[in-house]
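Written below as structure tokens is the structure these notes are about.
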Amino acid sequence: MARLRLGTMKEYVLDSFYLQEKMPIKVYTPEHFSTEKKYNIFIAHDGDHYFQIGRLATLSDEFHQTNQIEPTVFVGIHFIDRQDRRKKYHPDGVKNKAYTNFLVFEVVPFLDKIIPSTQEGNSRTLAGDSLAGTLALMTAEKFPNVFRRVIMQSPYVNETVIDRLKNSKSLSLLDIYHTIGTDELAVETTDGKTMDFVTPNRAIHQLISQSEASYIYEEIGGGNHTWKYWQGDLRKAILQMFTK
């Protein structure tokens, strides 16, 4: 039997100028959604995974019903396939710049029309796992006035990411939640290679720690590169970011 939802899921399609394709966006508003309130906006990449495996709508229902979090609208944006994901999310991906522009100049103005918020960076959170977490960090670092909060679970880190963070002038403006599993030592990436995620995540931990960013970092014992631990960690991340 399907779970009865307290909130409301709506799907929209944006005809993106930057990506030259139609982009579906799922928007989950909490029960008693009202234009008289101001909401946080949480945007998850790998959005279908966050809703289906991460149980994002269930968490929204629970936390709003128990009044544990500030009013928050949860948004999910997904990819077509693994190759499409890599082109858009990878820091060196051929569509990464276009996708970032899509987020900043198309998604945000659209959401600002349908969701009442302060329309400031600290009301918007970007979230993602693996490459999607990298995308969240890199986009917020480049546009801190648009996206001030970041939740990244096991982000992919390469020299492009490290160089950006080393030279960043905006890290101190961000509010970052960052986790990595201690067993992520041989992760198969979308290009068929095997990569140690732990060591480079520790490297960016050091860089972010040296900034004045509001920063939470945790290494999860036994955590591997799967939703088996990301789901439980997501609960903690949302409470950390949005608790009243």
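The values are calculated or read from the model by the stated rules, or taken from the named source; none is laboratory data. Just so it is clear, the structure is predicted and the values come from calculations on it, not from any experiment. Quick reminder, even Gly has a Cβ in these numbers, built from the backbone with ideal geometry, and neighbours come from all protein chains shown. All accessible areas refer to the heavy atoms of the entire protein, side chains included, with ligands and DNA or RNA removed. Shrake-Rupley method; radii C 1.70, N 1.55, O 1.52, S 1.80 Å.
Structure data summary
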read-out	value
Residue list for region 220-244, filter: among the hydroxyl-bearing types (Ser, Thr, Tyr) and crowded, with 17+ Cβ neighbours inside 10 Å	TYR229
Failed criterion for ASN158 (all others in (1) of a type outside the set (Val, Ile, Thr); (2) open to solvent by 20 Å² or more (accessible area, probe 1.4 Å); (3) under 14 Å from the mean Cα position of the chain (by Cα) hold)	(3)
Among the residues listed as GLY192, GLY222, GLY181, the single one being within 30 Å of PHE63 (Cα to Cα) and modelled with pLDDT under 95	GLY222
Only listed residue being over 26 Å from HIS32 (Cα atoms) and not aliphatic (A, V, I, L, M), chosen from PHE110, PHE147, PHE143	PHE143
Residues of region 173-193 that turn out to be open to solvent by 50 Å² or more (accessible area, probe 1.4 Å) and either over 20 Å from GLU219 (Cβ atoms) or touching a Pro at 6+ places or on another chain (Cβ under 8 Å) (or both), as a count	5
Residues (touching a strand residue (DSSP E or B) at 6+ places or on another chain (Cβ under 6 Å) and either under 17 Å from ARG82 (Cα atoms) or surrounded by fewer than 16 Cβ atoms within 10 Å (Cβ to Cβ) (or both)) located in region 19-45	LYS22, MET23, PRO24, ALA44, HIS45
Among the candidates PRO109, PRO91, PRO71, residue that is of a type outside the set (Asp, Glu), open to solvent by less than 60 Å² (accessible area, probe 1.4 Å) and without any contact (Cβ under 8 Å) to a residue 40 or more places away in the chain	PRO109
In region 200-219, the residues that are β-branched (Val, Ile, Thr) and open to solvent by less than 30 Å² (accessible area, probe 1.4 Å)	ILE204, ILE208
